[in-house]
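As structure tokens, the structure follows; a few thoughts come after it.
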Amino acid sequence: FEIEKDCKKINNFSMKNKMDRVHKIFIHSLRMIEISKQMIQLISDNIDKDLSLIGMIRFNEIETLIESEQKELSSSNDNNKNVWMNKLRNKGKEMEAEAASDSMIMID
């Protein structure tokens with residue numbers, strides 16, 4: 001997955017003490033996870049409807065969530081790379097679990 005690639009990048013930049021790059025990678029990856037979660041939800045909710053999904057992703061909500069996640073991690077004063085990587089991995093697992101539960105709903 002892309003999440004593991006991003007975790008490797010976070011690891012590399014963290015070792016080089018480039019926390020600004022760690023933060024940028026974290027933000028980008030978390031944004032992609034949250035957008036994917038919304039896309040999965042929109043598709044599963046509207047699979048039987050003949051609706052256009054254009055413009056239905058709530059980017060403002062995603063940005064607010066990402067900013068709060070980053071502030072939370074930054075305020076902890078813990079620049080440990082594992083904190084940032086574990087947060088991404090956990091969010092990725094949540095997304096996979098949601099996708100799996102949505103696909104099970106569609107099958108039944």
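The values are calculated or read from the model by the stated rules, or taken from the named source; none is laboratory data. Keep in mind that what you see is a predicted model, and the values were worked out from it rather than measured. Here Cβ is always computed from backbone atoms with ideal geometry, including for glycine, and neighbour counts include all displayed protein chains. Heavy atoms of the whole protein, side chains included, go into the accessibility calculation; ligands, DNA and RNA do not. Shrake-Rupley method; radii C 1.70, N 1.55, O 1.52, S 1.80 Å.
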Those residues of the range 37-62 which are in contact (Cβ under 8 Å) with a residue 60 or more places away in the chain and under 20 Å from LEU88 (Cβ atoms), in sequence order: LYS37, ILE40, GLN41
Candidate set: the range 14-54, residues that are among the hydrophobic types (A, V, I, L, M, F, W, C) and under 20 Å from SER75 (Cβ atoms); chosen: the one surrounded by the most Cβ atoms within 10 Å (Cβ to Cβ): PHE26
Any chance ASN60 is modelled with pLDDT of 85 or more, more than 13 Å from the chain's Cα centre (by Cα) and open to solvent by 90 Å² or more (accessible area, probe 1.4 Å): yes
Residue list for the range 2-14, filter: without any contact (Cβ under 8 Å) to a residue 60 or more places away in the chain and of a type outside the set (Asp, Glu): LYS5, LYS8, LYS9, ASN12, PHE13
Within the range 77-108, tally of residues that are on the phi < 0 side of the Ramachandran plot and at pLDDT below 70: 9
